[in-house]
Amino acid sequence: MRYDNITEATFVRRPNRFIAEVKIGRKTEIVHVKNTGRCRELLIPGSQVYLTEPGTPGRKTRYDLICVRKSNGILFNIDSQAPNKVVKEWLSQQDYDVIRPEYTYGDSRVDFYMQKGDERFLMEVKGCTLEVEGIGYFPDAPTERGVKHLRELAKAAAEGYQASLGFVIQMDGVREVRPNVDTHPEFGLALEEAVSAGVKVYHLMCHVEPDRLEIIGSKTF
């Protein structure tokens, strides 16, 4: 997936989850942050960030903050809408007969329903933006919604679906994602239970540029 109208900036501060203050040259600009997670290890004053200018009429902010370069030099895509978009592109190359986004199953809306012959598939997508010593971790903040999705996937697997969780690793050089049990132990337990119930976990490795995100490989554990 690609972005248009990319602008480089310097991160100053984040007053709340939804906006950030950045410097574009000497000009201060308030921008929308396309990720409500904490991103504390990424959004550090002085960090190099990249913005996109959607040009949507009536917006309160001119730019969206989509990428940040961590102190280790790795570029992170932090757009929380990007994982579903890039997975849709990836799924279109996997020979499914049907791909349907936003599929209602039980009390949840699962990201993707797929079909291949008589086989039915469900996939929930999670973006990973937390990296520690070359390993990805999810979530970076407690997510009751994520726990609910895992339980729905486990139920679907018991009902005959090929159910899976896809971690989109929104940075280069990281090949696996582990549950962040220090932040949310319940998510780690729910993931363990889901895997025991037959849910597959895909680790979707990516290449990141300021203007694009691309899945370049996948592994299952």
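The values are calculated or read from the model by the stated rules, or taken from the named source; none is laboratory data. Every value quoted in this text rests on a predicted model; they were computed, and no experiment measured them. Heads up, the Cβs are rebuilt from the backbone with ideal geometry, glycines too, and the neighbour counts pull from every protein chain shown.
Just a few scattered comments:
- When the stretch 7-39 is filtered for residues that are in contact (Cβ under 8 Å) with a residue 40 or more places away in the chain and either more than 20 Å from the chain's Cα centre (by Cα) or farther than 30 Å from Leu91 by Cβ (or both), the ones remaining, listed by number, are Thr7, Glu8, Ala9, Phe11, Ile19, Ala20, Val22.
- Scanning the stretch 43-61 for residues that are at pLDDT 95 or above, outside any strand (DSSP E or B) and surrounded by fewer than 16 Cβ atoms within 10 Å (Cβ to Cβ) gives Ile44, Pro45, Gly46.
- Here the condition is being more than 30 Å from Ala156 (Cα to Cα) and polar (S, T, N, Q); of Asn84, Asn72, it holds for Asn72 alone.
- Residue match in the stretch 153-163 (condition: part of a strand (DSSP E or B), on the phi < 0 side of the Ramachandran plot and touching a residue at least 60 places away in the same chain (Cβ under 8 Å)): no
- Count of the stretch 103-137 residues which are more than 18 Å from the chain's Cα centre (by Cα), in a strand (DSSP E or B) and under 30 Å from Ile74 (Cβ atoms): 0
- Hey, Asp140 among the acidic types (Asp, Glu), within 21 Å of Leu191 (Cβ to Cβ) and part of a loop (DSSP other than H, G, I, E, B) or not: yes
- Residues being of a type outside the set (Ser, Thr, Tyr), under 26 Å from Lys85 (Cβ atoms) and surrounded by fewer than 21 Cβ atoms within 10 Å (Cβ to Cβ) - total across the stretch 180-189: 1
- Residue list for the stretch 81-100, filter: surrounded by 16 or more Cβ atoms within 10 Å (Cβ to Cβ) and either modelled with pLDDT under 95 or not in a helix (DSSP H, G or I) (or both): Tyr96, Ile99
- Taking the listed residues Gly198, Gly166, the one that is crowded, with 20+ Cβ neighbours inside 10 Å, closer than 19 Å to Tyr103 by Cβ and in contact with a helix residue (DSSP H, G or I) (Cβ under 8 Å, 6 or more places away or on another chain) is Gly166, with no other qualifying.
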